[in-house]
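Peer 1: Here it is, the structure in full.
The values are calculated or read from the model by the stated rules, or taken from the named source; none is laboratory data. Just so we're clear, the structure is a prediction, and the values are computed from it rather than from any experiment. Counting neighbours? That spans all protein chains shown, and the Cβs are built from the backbone with ideal geometry, glycine included.
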């Protein structure tokens, strides 16, 4: 008989609490598919009023201030440009899921992220009905999978992935069995051969090296913003200051609750820290060094409701990434 996997990674009725439990998943899927706001409010209550599972669960809002007039606030439709889907590579998720996320974000004016698996050039052209399967954000990771001049030119944002939230300091691994011919073609690899993303970029060992890559990417696509993905950790503020001085346009602080799909169990449980801590440190350090106006701050790592977005904004974030929730809605 196989051993019980326990409740750390997979939900069990008598196990530890998971924010994405069966009822939360079911309610969110129904709310999205039926476009039912009442069901969505039930999902929000279920998640926000749940047992304390995150730092933000312990925070409340002060509401004794005068409300800002609505005409001084960004209209709802303009908020979408601040929303992104997480960097989930083609190969880690299916073609259908990857393209569905891109189409959805392009429709609302947000941005999807290619992840480090490259992207099929066929997706760079709009369909006859106006839909676009192109990911607005193209990722450049340590292994440079699928990175070509055409790939770089077809982006609104180029993201240098320095680390991943749930496994800082570690690389990635796509098992040989998942390297199908179409995956290998997109990544510029060999069918049936396992793919390893090394922990470091072998051309980046200092802020100066990172600044050189930022310059090169700006040269490859002058219209694209350059983003650098960091993870929440002690001292990330100092790193963020160096990235800002390297002339990046966006700094992403990724929390440990996100990016668990390609991380080992030990990493998920024992590496990385919540985005709340990393984001607050990065924002405050940039402020103290007079660098805050040079970059936009983004965060991700299990953002699930509007309350999470508001708390992230209060801590300094201007853009927000979602990964698990969109996959839940898709049913994958």
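Peer 1: What tally of residues in the stretch 312-332 results from selecting those that are in a helix (DSSP H, G or I), buried (at least 18 other Cβ atoms within 10 Å of the Cβ) and free of Cβ contacts under 8 Å to residues at least 40 places away in the same chain?
Peer 2: Of the residues in that region, 1 qualify.
Peer 1: Could you check how many residues of the stretch 72-90 are surrounded by 10 or more Cβ atoms within 10 Å (Cβ to Cβ), out of contact with any helix residue (DSSP H, G or I) (no Cβ under 6 Å at 6 or more places or on another chain) and either at pLDDT below 90 or outside any strand (DSSP E or B) (or both)? It would help to see each step written out before you state the result.
Peer 2: First pass over the stretch 72-90, keeping only residues surrounded by 10 or more Cβ atoms within 10 Å (Cβ to Cβ): 73, 78-90.
Filter again for out of contact with any helix residue (DSSP H, G or I) (no Cβ under 6 Å at 6 or more places or on another chain), leaving 73, 78-79, 81-84, 86.
Adding the requirement that they be either at pLDDT below 90 or outside any strand (DSSP E or B) (or both) leaves 73, 78-79, 81-82.
The qualifying residues number 5.
Peer 1: To continue, here is another question. Just checking, does the stretch 188-207 include any residue being in contact with a strand residue (DSSP E or B) (Cβ under 7 Å, 6 or more places away or on another chain), surrounded by 14 or more Cβ atoms within 10 Å (Cβ to Cβ) and in a helix (DSSP H, G or I)?
Peer 2: Among the residues of the stretch 188-207, not one is in contact with a strand residue (DSSP E or B) (Cβ under 7 Å, 6 or more places away or on another chain), surrounded by 14 or more Cβ atoms within 10 Å (Cβ to Cβ) and in a helix (DSSP H, G or I), which makes the answer no.
Peer 1: Right, next: Take residue 226 and decide whether it is in contact with a helix residue (DSSP H, G or I) (Cβ under 7 Å, 6 or more places away or on another chain), closer than 26 Å to residue 278 by Cα and not in a loop (DSSP other than H, G, I, E, B).
Peer 2: So residue 226 passes the test.
Peer 1: May I ask you to list the residues in the stretch 157-182 that are assigned to a loop (DSSP other than H, G, I, E, B) and within 28 Å of residue 233 (Cβ to Cβ)?
Peer 2: Selection gives 162, 163, 164, 165, 166, 167, 168, 169, 170, 171, 175.
Peer 1: Evaluate the following for residue 60: is it exposed (fewer than 12 other Cβ atoms within 10 Å of the Cβ), within 16 Å of residue 308 (Cβ to Cβ) and either modelled with pLDDT of 90 or more or over 23 Å from the mean Cα position of the chain (by Cα) (or both)?
Peer 2: When the stated conditions are applied, residue 60 passes them.
Peer 1: Output the number of residues of the stretch 222-239 satisfying the condition of being crowded, with 16+ Cβ neighbours inside 10 Å and more than 22 Å from the chain's Cα centre (by Cα). Before the answer, list the steps.
Peer 2: Here is the first cut: in the stretch 222-239, the residues crowded, with 16+ Cβ neighbours inside 10 Å are 224-233, 236-237, 239.
Narrowing further to those that are more than 22 Å from the chain's Cα centre (by Cα): none.
Number of matching residues: 0.
Peer 1: What number of residues within the stretch 116-143 satisfy the criterion of being in a helix (DSSP H, G or I), buried (at least 17 other Cβ atoms within 10 Å of the Cβ) and in contact with a helix residue (DSSP H, G or I) (Cβ under 8 Å, 6 or more places away or on another chain)?
Peer 2: Selection size over the stretch 116-143: 2.
Peer 1: So residue 252 passes all but one of these: (1) under 23 Å from residue 153 (Cβ atoms); (2) in a loop (DSSP other than H, G, I, E, B). Which condition number does it fail?
Peer 2: Residue 252 satisfies every listed condition except (2).
Peer 1: Condition first: closer than 23 Å to residue 279 by Cα and assigned to a helix (DSSP H, G or I). Now tell me which residues in the stretch 45-71 satisfy that.
Peer 2: Within the stretch 45-71, 47, 48, 55, 56, 57, 58 meet the criteria.
Peer 1: Go through (1) over 18 Å from residue 199 (Cα atoms); (2) touching a strand residue (DSSP E or B) at 6+ places or on another chain (Cβ under 6 Å) for residue 172 and report which single condition fails.
Peer 2: (1)
Peer 1: While we're looking at this one, here's another question. Looking only at the stretch 144-184, count how many residues are at pLDDT 95 or above, surrounded by fewer than 18 Cβ atoms within 10 Å (Cβ to Cβ) and within 17 Å of the chain's Cα centre (by Cα).
Peer 2: Total satisfying the criteria: 1.
Peer 1: For residue 309, work out the one condition from (1) out of contact with any strand residue (DSSP E or B) (no Cβ under 6 Å at 6 or more places or on another chain); (2) part of a helix (DSSP H, G or I); (3) surrounded by fewer than 22 Cβ atoms within 10 Å (Cβ to Cβ) it doesn't fulfil.
Peer 2: (1)
Peer 1: If I ask for residues that are in contact with a strand residue (DSSP E or B) (Cβ under 8 Å, 6 or more places away or on another chain) and not in a loop (DSSP other than H, G, I, E, B), which ones from the stretch 144-156 would you list?
Peer 2: Of everything in the stretch 144-156, those that are in contact with a strand residue (DSSP E or B) (Cβ under 8 Å, 6 or more places away or on another chain) and not in a loop (DSSP other than H, G, I, E, B) turn out to be 151, 152.
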